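Have a look at the structure below, then the notes.
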Amino acid sequence: MIESETELHDLTAVDIAHLIRRRELSPVEVVDATLRRIDERNGAVNAYITLSADLARDAAVKAERTLLEQGAAALGPLAGVPLSIKDLTATAGLRTTFGLKAHEDYVPAEDYPVAARVRAAGAAIVGKSATPAHGWLGTTETEMHGRTSNPWLLTHTVGGSSGGSAAAVASGFGPLATGSDGGGSIRVPASLCGVVGHKPSHGRVPRGPESPGFETVDALGPMARTVADAALLLGVMAGPHPGEPYMLDAGDVDYLAGFQIEEAARLRVAFSPDLGQGPVDKEVAALVRSAVGHFADTLGADVEEVSIEIPDVNEFFVRFYGPTISHLRRVDPEFVEGHLDRYPGMRDLVVAATDVHADDWWAYSIDAQQRTFDGLNKAVARHDILLTPTMPVAAWPHDGENGPRVIDGQEVEWPTFDFFRFTEPSGHSGHPTITVPCGFTAAGLPVGLQIMGRQRDDRGVLRAAAAYEATTPWHLARPEFLLSPPHASRPTL
């Protein structure tokens, strides 16, 4: 029996789906409670660009009617479960802005594949979560929508570009959200907000037309408070889609199966404290080392610290993305120039790439991507998983910067994207990678542990993450702002 709304908000998606099927919880009750919390608390974090209360209630009513008339077997796996969709994914009949003021009134006629799949699974879509324009920023803010704040410390960033989804999940605005990740856009905000974020194997989830030009790196994936919930949502999102290139064949996989803690004792674990890519904040490094020790001491895994040889991630970022943005600058100069004016770090990226010849860009990108794949693949050739920090830092303040300028006493050359240096590599290599919370700094900010698996082994990554989560308390923590009086104001730039 659910006795309070607080208890209801703490339910996982797996719990909600189970209780609805057993007729112990009304999907309408769940959705109404979620919408009330959003109404009371979203003003503090600004997690949504568009809310869709009527759509969510319609899904809940449909689930209740289906249960009454046809029974639990007729329900989809997400029937009545509140869910947020990142606003880079088009949703039929529901405003989709892609973070752009120019699309402020755009209402698509068709769903992208992931949106269609979560609808078909019965999810109650409560809103379109905030994202920077085109997802082109490591923080979540736009001219149209303002800034999204971190539920753990409202003066701090959520990261990006799936920052609205991370903030929504951490704030209890439903247990599930979708995100997309080309170099860390799921894992960065998930780490900074203390939630689970999974970047699936490349080709596991159809992208649709999302982020054109980034087909070889971009992946859509689940964000949730628990690993089991992420696995549940991945099972809905994943699978082949007609006409979609780069897709894996496997569909209808039960990603929830096999979550057994004792399996961790057989794990061979590689650990890299920095991927050979630069400084890590001391608090973050200590918390990650403690998590690695937990795999060895509590879970009984065989852990080995390894050296990783991959190209310099910042150079790769400049030489891979810079020319791409330069090209888009010619296609849509008004948007790109406006974006570069607002975020000088992005302009520096484009300027640095201006002299890169197309032939050199192509040759370097292919070579660097292959060397990144080889370096990471070598690490998991003798091991089941690779552990690293998800981020070199915890969340930083809203102070006009789009990234920290100093990490562990060392000045950062590219503050706008340097903090992606641990997430970017598996975005290019295609390895499945997840972040799970592994502790808090003295300031109360979450820190994430990144778990990378073998090529196409999403289930292995999820099982390892689930074993860690089941023996640690971090996923049970909740932001203090949820205990304070409701916030009506909205953060602005």
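Give me the pairs, please: first residue somewhere in the range 361-372 and within 12 Å of residue 216 (Cβ to Cβ), second residue anywhere and at pLDDT below 90, beta-carbon distance under 6 Å, and either six or more positions apart or on two chains. Filtered contacts from the range 361-372: 365/320.
Just give me the residues in the range 105-117 being buried (at least 19 other Cβ atoms within 10 Å of the Cβ) and either farther than 14 Å from residue 180 by Cβ or of a type outside the set (Val, Ile, Thr) (or both), in sequence order. The answer is 111, 112, 113, 115, 117. Does the range 426-437 contain any residue that is at pLDDT 95 or above, farther than 30 Å from residue 347 by Cα and surrounded by fewer than 24 Cβ atoms within 10 Å (Cβ to Cβ)? Taking every residue of the range 426-437 in turn, none turns out to be at pLDDT 95 or above, farther than 30 Å from residue 347 by Cα and surrounded by fewer than 24 Cβ atoms within 10 Å (Cβ to Cβ).
Here residue 140 does not qualify as of a type outside the set (Gly, Ala, Ser), within 30 Å of residue 394 (Cβ to Cβ) and either touching a residue at least 60 places away in the same chain (Cβ under 8 Å) or surrounded by fewer than 24 Cβ atoms within 10 Å (Cβ to Cβ) (or both). Restricting attention to the range 97-105, does a residue exist that is closer than 22 Å to residue 241 by Cβ and either without any contact (Cβ under 8 Å) to a residue 60 or more places away in the chain or within 22 Å of the chain's Cα centre (by Cα) (or both)? For the range 97-105, residues closer than 22 Å to residue 241 by Cβ and either without any contact (Cβ under 8 Å) to a residue 60 or more places away in the chain or within 22 Å of the chain's Cα centre (by Cα) (or both): present. Tally up the residues in the range 33-60 that are within 22 Å of residue 479 (Cβ to Cβ), among the charged types (D, E, K, R) and touching a helix residue (DSSP H, G or I) at 6+ places or on another chain (Cβ under 9 Å), please. Result for the range 33-60: 4. With respect to residue 220, determine if the residue is within 17 Å of residue 458 (Cα to Cα), in contact with a strand residue (DSSP E or B) (Cβ under 9 Å, 6 or more places away or on another chain), part of a helix (DSSP H, G or I) and modelled with pLDDT of 90 or more. When the stated conditions are applied, residue 220 does not pass them. Considered as a group, the residues in the range 362-412 that are within 22 Å of residue 320 (Cα to Cα) and among the hydrophobic types (A, V, I, L, M, F, W, C) include one that is surrounded by the most Cβ atoms within 10 Å (Cβ to Cβ), and that residue is 391. Among the residues of the range 286-307, those that are of a type in the set (A, V, I, L, M, F, W, C), assigned to a helix (DSSP H, G or I) and closer than 16 Å to residue 274 by Cα comprise 286, 287, 288, 291, 292. The set of residues in the range 223-255 being modelled with pLDDT under 85 and of a type in the set (A, V, I, L, M) consists of 250, 253.
Of the residues examined, residue 102 is not one that is within 22 Å of residue 183 (Cα to Cα) and touching a Phe, Trp or Tyr at 6+ places or on another chain (Cβ under 9 Å).
With respect to residue 32, determine if the residue is modelled with pLDDT of 95 or more, under 17 Å from residue 130 (Cβ atoms) and part of a helix (DSSP H, G or I). Taking the combined requirement at face value, the residue does not satisfy it.
Here is the figure for the range 1-44: residues that are more than 15 Å from residue 60 (Cα to Cα) and polar (S, T, N, Q) total 4.
Against the criterion of being closer than 21 Å to residue 475 by Cβ, in contact with a helix residue (DSSP H, G or I) (Cβ under 9 Å, 6 or more places away or on another chain), of a type in the set (A, V, I, L, M) and not in a helix (DSSP H, G or I), residue 253 does not qualify. Could you grab the pairs with beta carbons closer than 9 Å, sequence gap of 6+ or different chains, first residue in the range 299-324 and within 17 Å of residue 218 (Cα to Cα) and of a type in the set (Gly, Ala, Ser), second one outside any helix (DSSP H, G or I) and at pLDDT below 95? So the pair list comes out as 322/354; 322/356. Scanning the range 347-369 for residues being of a type in the set (D, E, K, R) and at pLDDT below 70 gives a total of 1.
With respect to residue 65, is the statement that it is among the basic types (Lys, Arg) and outside any helix (DSSP H, G or I) true? When the stated conditions are applied, residue 65 does not pass them. Of all residues in the range 190-205, those satisfying the criterion of being farther than 24 Å from residue 247 by Cβ and in a loop (DSSP other than H, G, I, E, B) are 194, 195. Of all the criteria given as (1) in contact (Cβ under 8 Å) with a residue 12 or more places away in the chain; (2) surrounded by 14 or more Cβ atoms within 10 Å (Cβ to Cβ); (3) under 23 Å from residue 256 (Cβ atoms), the one not satisfied by residue 41 is (3).
Restricting attention to the range 44-64, the residues that are more than 25 Å from the chain's Cα centre (by Cα) and crowded, with 17+ Cβ neighbours inside 10 Å total 5.
Taking the range 375-493 as the region of interest, the strands (runs of 3 or more DSSP E) fully inside it that hold 3 or more residues being more than 17 Å from the chain's Cα centre (by Cα) and either closer than 22 Å to residue 261 by Cα or without any contact (Cβ under 8 Å) to a residue 24 or more places away in the chain (or both) are 385-389. Looking at 442, 466, 477, just one residue is closer than 30 Å to residue 8 by Cβ, surrounded by fewer than 18 Cβ atoms within 10 Å (Cβ to Cβ), at pLDDT 95 or above and hydrophobic (A, V, I, L, M, F, W, C), and that residue is 477.
The values are calculated or read from the model by the stated rules, or taken from the named source; none is laboratory data. What you see is a predicted model, and the numbers here were worked out from it, not measured in a lab. For neighbour counting, all protein chains shown are included, and Cβ atoms are generated from backbone atoms with ideal geometry for every residue, glycine included.
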